[in-house]
Amino acid sequence: MSKRTRLIVKILLGIVLYMLAVLASAAVVRAGEAEPGHDTLWQVSTIDALLAGVYDGAVPVGELLRHGDLGLGTFDALDGEMVVLDGAAWRVSADGVARPVPADETTPFAQVTPFAPDFSVTLENVGSLAELTARLAAALPSANMFYAVRARGGFELVRTRSVPRQSRPFRPLAEVTASQPEFSLTHTSGDIVGLYGPPFAKAAGVPGFHLHYLSAARDAGGHMLDVRFTGPVVFELDTTTALALTLPATPAFAAVNLAPDREAELKRVEQ
């Protein structure tokens with residue numbers, strides 16, 4: 001074989017190897033990507049904007065439900081706690097009563113995802129919300145992903161809160177929740193619905209677990225403050241590898257100062 005022929009063969013072999021490497025790399029990238037519309041947390045606004053008092057509804061509930069069938073949030077003017085479950089949205093009002101929400105109702109902050117559980121954790125003998133979230137956190141494959149959570153079962157106690165509809169000028173969320181109505185549901189059955197945000201999610205979302213509750217009768221619930229059960233209760237978790245953030249095109253969001261660190265405010269609000 002002549003030098004020229006050997007050179008041509010080497011060049012052709014190099015091209016083939018390069019193309020194989022590119023195809024293999026593309027396959028790896030595709031394998032790591034979230035499937036469009038799935039494994040995606042679709043979020044309206046940021047938690048810091050809500051903490052600062054940006055309560056103007058920006059996205060209709062009907063549009064929200066196009067992007068997910070499980071999640072949580074609130075409503076225009078901070079009018080109650082939102083629970084999204086099985087593709088329907090429920091409002092737990094300041095009276096503690098849960099009611100279905102029409103598609104034209106709007107939200108200033110919400111997070112939803114198409115729920116398709118990847119793994120489950122069975123827990124029993126849980127004495128507090130702090131214990132529940134610690135045990136769930138210990139079961140996560142990685143603390144750096146988002147997770148959607150659902151559990152259906154019976155509970156000795158679920159303590160919840162809601163928030164009343166606000167009037168202008170809107171007060172910061174920490175001031176509103178300082179006098180929030182709270183409810184104790186004893187010997188109740190229903191669904192825990194929530195999300196886990198990784199540590200880097202602060203400012204945009206809630207780091208750690210953020211859980212809401214909706215009774216099996218769909219007549220009570222709210223933002224979870226405490227829980228107690230002997231179990232067993234199965235918690236299903238959906239690993240969510242993509243975040244789609246929709247920012248409100250509203251004057252209030254455009255004008256709000258999002259520079260301050262509101263981590264301490266968020267801790268007060270979540271308790």
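Residues that are farther than 24 Å from P60 by Cα and touching a residue at least 40 places away in the same chain (Cβ under 8 Å) number at least 2 in the following strands (runs of 3 or more DSSP E) confined to the stretch 81-181: 119-123, 146-161. Taken together, T246, T188 contain a single residue that is surrounded by fewer than 18 Cβ atoms within 10 Å (Cβ to Cβ), assigned by TED's automatic domain parsing to the domain that holds E156 and farther than 16 Å from T133 by Cβ, which is T246.
What's the total number of residues in the stretch 64-74 that are crowded, with 21+ Cβ neighbours inside 10 Å and free of Cβ contacts under 8 Å to residues at least 60 places away in the same chain? Qualifying residue count, the stretch 64-74: 3. The set of residues in the stretch 100-118 being surrounded by 15 or more Cβ atoms within 10 Å (Cβ to Cβ) and touching a Gly at 6+ places or on another chain (Cβ under 8 Å) consists of E105, T106, T107, P108, F109, A110, Q111, V112, T113, P114, F115.
Select from the stretch 191-212 the residues that are out of contact with any strand residue (DSSP E or B) (no Cβ under 6 Å at 6 or more places or on another chain) and free of Cβ contacts under 8 Å to residues at least 60 places away in the same chain and write down the one among them that is surrounded by the most Cβ atoms within 10 Å (Cβ to Cβ).
Step one: of the stretch 191-212, the residues out of contact with any strand residue (DSSP E or B) (no Cβ under 6 Å at 6 or more places or on another chain) are 198-204, 208.
From what's left, free of Cβ contacts under 8 Å to residues at least 60 places away in the same chain: 198-201.
Working: P198: 17, P199: 9, F200: 10, A201: 21.
For the stretch 191-212, the residue satisfying everything is A201.
The values are calculated or read from the model by the stated rules, or taken from the named source; none is laboratory data. This is a predicted model, so every value here is computed, not measured. Virtual Cβ from ideal backbone geometry, glycine too; neighbours counted across all protein chains shown.
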